[in-house]
Amino acid sequence: MYHLECVSCGTTFPADEVIYTCKKCGHLLAVKYPLDTLTIKRATWNKRPISVWRYRELLPVTIPPVTLQEGGTPLYHLERLGKEMGLKHLYAKHEGMNPSGSFKDRGMTVGVSMALQLKKKSVACASTGNTSASLAVYAAKAGIPAVVLLPAGKVAVGKVAQALMHGAKVISIRGNFDRALEMTHDLCLSHGLYLLNSINPFRLEGQKTMGFEALDQLGEVPDRFVLPVGNAGNISAVHKGFMELEELGFIDRLPKMTGIQAAGSSPVVRAIRENLAEVIPEKNPETVATAIRIGAPVNAEKALTAIRKTGGIAESVTDEEILRMQRDLARKEGIGVEPASAASVAGIRKLVETGAIDRDEKIVCIVTGHLLKDPDTVIKQCEPPTEIDADLPSLISALHL
Ligand SMILES: *Cc1c(COP(=O)(O)O)cnc(C)c1O
Ligand SMILES: [Zn+2]
């Protein structure tokens, strides 16, 4: 039906073999469907509710999936912010509206379903926060144990709260995310837990559906598709999905895949700018946008291809630019996102200002996670509530009326 294929040397592996990287050369794997023999009709898709599972013919799961009705997130036209930037066609797809509040749910509904399909008894991940929250949620739904490794002191409180409440075994390591991932990978290989980081090719299959949905919601292929980049799984996933639609003849061009990183954590931007064959890991990544605080993106190889093949761009934004856009989205559009999520739209603001992109473009930005994931960073930016005595004159005076 489908198989795994190495993106570097092309070696293929059977779909039911539990591997995360190529056994021959160590590079990343991708799921390959026999697209020429699949009979998929867009009309059939359009009859189903908009969600991850609308696109099930292009997903690897053959058992009844572990689902909490993820996907189907709103696509908003950013009229006010677009006008400020001189863009008529600026859109944001709010992935914070998923069950656990981030796009990771798209990957986990597929990933945890695959864990069951492959008869695995437990799951694990390393996480900057959202992956752990999402894995905890879907493992709970599946009724299997989950282990999550977090970089101590570097995870937003809302995400830790979710991982704990949904019953994952939460381990904080005295090290950064990149180290947590190495350890989790080793643990999974030595003890048979199923690894659900974005190195897992099945997880990315779920995530590509956000691109499918955006196309269906917009009614056409946007000129540009913009994502915050951490481990670079998401931008790779969406690009893969678009290539499949092109191969199926559903679309005739691809959006320019555009990746935005935080200035203190931007190895992909550097690789694109300096035209490097691979990224040079950043040893001490630092940014307020903890979800993209990743120095050695595991999916960099796929992401560089996605950006280069579509004529896209990689750009970085400072923490200040990220937080300013977080406030602008909240106050001018009513869209509440965590800092990393604002990076995509902040990147567009920068690219428009520097003249790198055309103002007539139709642009879809993914905003990746919900505001309440990281309440500490929100409260630090806002004036505290005004406390008054409980009488009307005090209220009127506090409101300067
Ligand atoms: C995981 C995550 C990202 C980064 O996605 P990658 O696939 O790792 O590039 C960005 N924003 C949020 C909110 C996330 O949770
Ligand atoms: Zn290989």
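Do we have any residue at all in segment 227-236 that's open to solvent by 20 Å² or more (accessible area, probe 1.4 Å), within 20 Å of residue 131 (Cα to Cα), assigned to a loop (DSSP other than H, G, I, E, B) and in contact with a strand residue (DSSP E or B) (Cβ under 8 Å, 6 or more places away or on another chain)?
Checked segment 227-236: no residue is open to solvent by 20 Å² or more (accessible area, probe 1.4 Å), within 20 Å of residue 131 (Cα to Cα), assigned to a loop (DSSP other than H, G, I, E, B) and in contact with a strand residue (DSSP E or B) (Cβ under 8 Å, 6 or more places away or on another chain).
Restricting to segment 146-175, count the residues that are small (Gly, Ala, Ser) and open to solvent by 40 Å² or more (accessible area, probe 1.4 Å).
Taking segment 146-175 as the starting set, the residues that turn out to be small (Gly, Ala, Ser) are 146, 152-153, 156, 158, 161, 163, 167-168, 172, 175.
Narrowing the set further to residues that are open to solvent by 40 Å² or more (accessible area, probe 1.4 Å) leaves 152-153, 161, 167, 172.
Of the residues in that region, 5 qualify.
Within segment 14-31, how many residues turn out to be over 16 Å from residue 204 (Cβ atoms), assigned to a strand (DSSP E or B) and open to solvent by less than 50 Å² (accessible area, probe 1.4 Å)?
Going through segment 14-31 one residue at a time, the tally reaches 0.
For segment 61-130, which fully contained strands (runs of 3 or more DSSP E) count at least 1 residues that are among the β-branched types (Val, Ile, Thr), on the phi < 0 side of the Ramachandran plot and open to solvent by less than 50 Å² (accessible area, probe 1.4 Å)?
123-126
Taking segment 35-62, which residues are modelled with pLDDT of 95 or more and either within 16 Å of ligand 2 (Cβ to nearest atom) or farther than 30 Å from residue 75 by Cβ (or both)?
Correct list: empty.
Which pairs do you get when a residue that is outside the structural domain of residue 110 (by TED's automatic domain parsing), found in segment 25-42, comes within reach of a residue that is of a type in the set (A, V, I, L, M, F, W, C) and exposed (fewer than 10 other Cβ atoms within 10 Å of the Cβ), reach meaning Cβ atoms under 9 angstrom, with the pair 6+ apart or on two chains?
Every condition considered, the pairs that remain are 33/1; 34/1.
Applying the selection to segment 1-13, what residues are among the hydrophobic types (A, V, I, L, M, F, W, C) and open to solvent by 40 Å² or more (accessible area, probe 1.4 Å)?
Passing the criteria: 1, 7, 9.
Here are some conditions: (1) part of a helix (DSSP H, G or I); (2) open to solvent by less than 20 Å² (accessible area, probe 1.4 Å); (3) out of contact with any helix residue (DSSP H, G or I) (no Cβ under 6 Å at 6 or more places or on another chain); (4) among the hydrophobic types (A, V, I, L, M, F, W, C). Residue 53 meets all but one. Which one does it not meet?
Going through the list (1) part of a helix (DSSP H, G or I); (2) open to solvent by less than 20 Å² (accessible area, probe 1.4 Å); (3) out of contact with any helix residue (DSSP H, G or I) (no Cβ under 6 Å at 6 or more places or on another chain); (4) among the hydrophobic types (A, V, I, L, M, F, W, C), residue 53 breaks only (2).
Yes or no: residue 397 within 21 Å of residue 238 (Cβ to Cβ) and either among the polar types (S, T, N, Q) or open to solvent by 90 Å² or more (accessible area, probe 1.4 Å) (or both)?
Taking the combined requirement at face value, the residue does not satisfy it.
Considering only segment 1-13, state which residues are farther than 14 Å from residue 205 by Cα, more than 8 Å from ligand 2 (Cβ to nearest atom) and either hydroxyl-bearing (Ser, Thr, Tyr) or not in a loop (DSSP other than H, G, I, E, B) (or both).
12, 13
The values are calculated or read from the model by the stated rules, or taken from the named source; none is laboratory data. Everything quoted here is computed from the prediction, not taken from an experiment. Cβ coordinates were reconstructed from backbone atoms using ideal geometry, including for glycine residues, and neighbour counts include every protein chain displayed. Quick note on the areas: whole protein, heavy atoms, side chains included, nothing else; ligands and nucleic acids left out. Shrake-Rupley method; radii C 1.70, N 1.55, O 1.52, S 1.80 Å.
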